[in-house]
Amino acid sequence: MRPTKGSRTAALACCTAVLCLTAAAACGHSGKNPADASGSVPATSAAEASSAGNTSPLTGLPGPTGKILAVKIDNIVYARPQTGLASADVVYAIEVEGGLSRFLAVYDSGHLPAGNKIGPIRSARESDLPILEQYGKVDFAYSGALSVFLPVLASADIVNAGPDQDGAAYSRSNARSAPYNEYLNPAKLLADFPNTAAAKDIGFRFGSAPVGGVPTTTATARMPSASFTFTWDATKGEYMIAIDGRAASTTDGGPLGAPTIVLQKVAETTSPRGFHDVPDQLSPYAPTVGTGQAVVLRDGDSYTGTWSRPTDASVTSFMFNGQPMPFHPGQVWIVLTPQ
């Protein structure tokens, strides 16, 4: 099981996004690792980390890697606080219908929440599949999907592991009303679907912070009807997370924070397949193949660079000043922000 979180260190018009960076007075940050004499710090690839010992390609933390489980988690106000989110290796925040947000959380099977409970579980979306293609054939847990999307899910290179495939791994809580009360037993699901891909290199690099960051105490990313604010906490070495203006927490992990936040700007559009979540309104779609701007927050600084992913089969590269942008080891949050 993963150690506790503390130990591992208004609506926008025309679907545009505003990234607000509030810079602190220029000063050093005690949590930052020093650069070498040249001013550059080599980032560590998954292959290099493996040669040096067992290191997760998703978090840069030591330890053996396991099978990958991806879980769709609700983020509407009625679903908060969530359960098990703090234990995820990677958390994607993605726009859904109405300009709201929903999470796609990725777990290594060796890093499951201590309470063996994740949720509330909600339905899959079209944007999820290209993201997951980087991870290989993984278990994908979700509550359901549009009827027209189900055949696409069935033909995708994933293991469909929703309640229809493994009802015993899901349960309903009496503490909340449906549909915000469905939870997953991840250990049960992984035991029932064991022949899935192990954690692998998806393009993340880990290492010391490079020269050139801008001191940044607070950053806000917005979707049409959702916002995420990240506030640097030097004592914890993390950016603490607020969602829609309120501090975020989980039922089993306390306040939410992460050492690396990526604000990945994407060319938000509508469903390429013409899917509708509500009548006469095409579903939102966040493309993660292509290029764009990316702002990485770590160690109290922001680094404005780029992201690139040429094809569905490619990993995603994050660059700063022409070099791979190293993340701080630990949980990574990626907010797919409309550009």
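Neighbours of ALA156, meaning other residues whose beta-carbon lies under 12 angstrom from its beta-carbon, give a summed charge of -4 when Lys and Arg score +1 and Asp and Glu score -1.
With each label modelled as a point 7 angstrom along the Cα→C-beta vector, the VAL152-ASP164 pair spans 1.5 nm. The range 68-192 has equivalent-ellipsoid semi-axes of 19, 17, 15 Å, by the square roots of 5 times the alpha carbon gyration tensor eigenvalues, sorted largest first. Evaluated over the Cα positions of the range 135-289, the convex hull gives a direction-averaged projected area, one quarter of its surface, of 12.7 nm².
Tell me the Kirkwood radius of the range 264-307: reciprocal of the mean inverse pair distance over distinct alpha-carbon atoms, in Å.
Numbers: mean 1/r = 0.0809 Å⁻¹.
After inverting the pairwise mean of 1/r, the radius is 12.4 Å.
Run the numbers for THR306 and ALA178: contour at 0.36 nm per residue of separation, minus the present Cα-Cα distance, in nm. Walk me through the numbers on the way to the answer.
Numbers: separation 128, 0.36 × 128 = 46.08 nm, distance 4.00 nm.
Result: 42.1 nm gained on full extension.
Straight-line cross-link reach from LYS137 at under 20 Å between alpha-carbon atoms covers these aspartates and glutamates, not counting any fewer than eight positions away in the same chain: ASP89, ASP108, GLU126, ASP128, ASP157, ASP164, ASP166, ASP192, ASP201, ASP312.
Counting beta carbons within 10 Å around each of ASP139, ASP74, ASP301, ASP277 and listing the fewest first gives the order ASP277, ASP301, ASP74, ASP139.
Each of HIS276, HIS111 was scored by other Cβ atoms within 10 Å of its Cβ. Arranged with the fewest first, they read HIS276, HIS111. Exposure proxy shown here: for SER109, SER173, the number of other Cβ atoms within 10 Å sets the order, fewest to most, as SER173, SER109.
For THR291 and VAL315 in the same chain, what is the full-extension length gain: residue separation times 0.36 nm, less their Cα-Cα distance, in nm? Don't skip to the end; give the middle numbers.
Working: separation 24, 0.36 × 24 = 8.64 nm, distance 1.21 nm.
Here the segment from THR291 to VAL315 would lengthen by 7.4 nm.
Between SER171 and ALA114, how high is the FRET efficiency from 1/(1 + (r/R0)^6) when r is the Cβ-Cβ distance and R₀ = 22 Å? Nearest 0.05.
Details: r = 17 Å, r/R0 = 0.79.
In this case the efficiency is close to 0.80.
Placing a pseudo-label 7 Å from each Cα along the Cα-to-Cβ vector at LYS188 and VAL214 gives an inter-label distance of 4.8 nm.
We did not get these values from a lab; they are worked out from the coordinates using the rules stated. Everything numeric here is computed off the predicted structure, so don't read it as measured data. Neighbour counts run over all protein chains shown; Cβ positions are idealised from the backbone, glycine included.
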